Amino acid sequence: KRKPMNEDIFVIGIDKVFNVVNTFESGNFSYIVNIIKDNKIIMQLIHGGLNEKINKKSFNFNYSISLNFYKEKEKQNKFENLEISNEFDFYEYENVPSYILNCKTNNEKTKEYLIIIIEKVYEYRRLDIFEFEIHQQPPMSQMIPS
């Protein structure tokens, strides 16, 4: 049965992502979620312990929004002009301007920020079709350098 086109497809997708990713919390499994539009990864939701810029703060289970602006100066400028951008940590990964924010386990804040980014930076609609690719990784206890 086809969904009515007035449904918030992005939020439905993110809610399904949270349903899966939340099962990783009890074992503190690391993970990467690629948020894809038109066969291109536009941003990622990751376990912050995977990112050297922020993992010094905590290896606890969390939702972290990761943005990379490879040859996308216009989108980077749009992001930097958002009020929320000052909460993100800036770093360069292989000369690519990148930003990350650990939202701890606050899925409402995470969802709100993801929506702001897809609408204001990428100019997509919440009604557009997105793909969500979830990769479960080993538990953080196996990934923390000793």
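Only the coordinates and a few stated rules stand behind these numbers; no lab work does. Please read these numbers as outputs of a predicted model, since none were measured by experiment. Ideal geometry is used to build each Cβ from the backbone, glycine not excepted, and the neighbour counts take in all protein chains shown.
Here are some pairs, Lys40/Lys109; Lys16/Lys73; Lys16/Lys71; Lys71/Lys104; which of them have Cα atoms lying more than 26 Å apart in this structure?
Over 26 Å Cα-Cα: Lys16/Lys73; Lys16/Lys71; Lys71/Lys104.
Using the Kirkwood radius over C-alpha pairs as Rh, can you work out the diffusion coefficient of region 86-146 via Stokes-Einstein at 25 °C, viscosity 0.890 mPa s, in µm² per second?
169
I'd like the distance separating the alpha-carbon centroids of region 22-44 and region 108-126, in whole Å.
If you average the Cα positions of each part, the centres end up 16 Å apart.
For n ≥ 4 DSSP H runs only, could you compute -39500 (n - 2.57) per run for the chain, divide by its residues and tell me the 222 nm figure to the nearest 500?
Mean residue ellipticity at 222 nm (helix-derived): -6500 deg cm²/dmol.
How compact and how long is the chain, expressed as Rg and Dmax of its alpha-carbon atoms in Å?
When restricted to Cα atoms, the chain yields Rg and Dmax of 15.2, 52 Å.
With point charges of +1 on the Cβ of Lys and Arg and -1 on the Cβ of Asp and Glu, referenced to the Cα centre of the chain, which listed residue (Asn19, Pro138, Phe88) lies farthest in the positive direction of the dipole?
Sorting the options by dipole projection puts first Asn19.
Using a 7 Å offset from Cα along Cα-Cβ at Ser141, what residues in region 26-49 end up with backbone N under 13 Å from the label point?
The answer is 26-30, whose backbone nitrogens lie closer than 13 Å to the label point.
Order of 123-130, 27-34, 74-81 by packing, highest average Cβ count within 10 Å first?
Highest-to-lowest ranking by the protection proxy: 27-34, 74-81, 123-130.
Which value, in debye to the nearest 20, gives the size of the charge dipole of the chain about its Cα centre, when Lys and Arg are +1 and Asp and Glu are -1 at the Cβ?
240
Using the Cα atoms of region 65-109, I'd like the radius of gyration and the largest Cα-Cα distance, Dmax, both in angstrom.
11.0, 32
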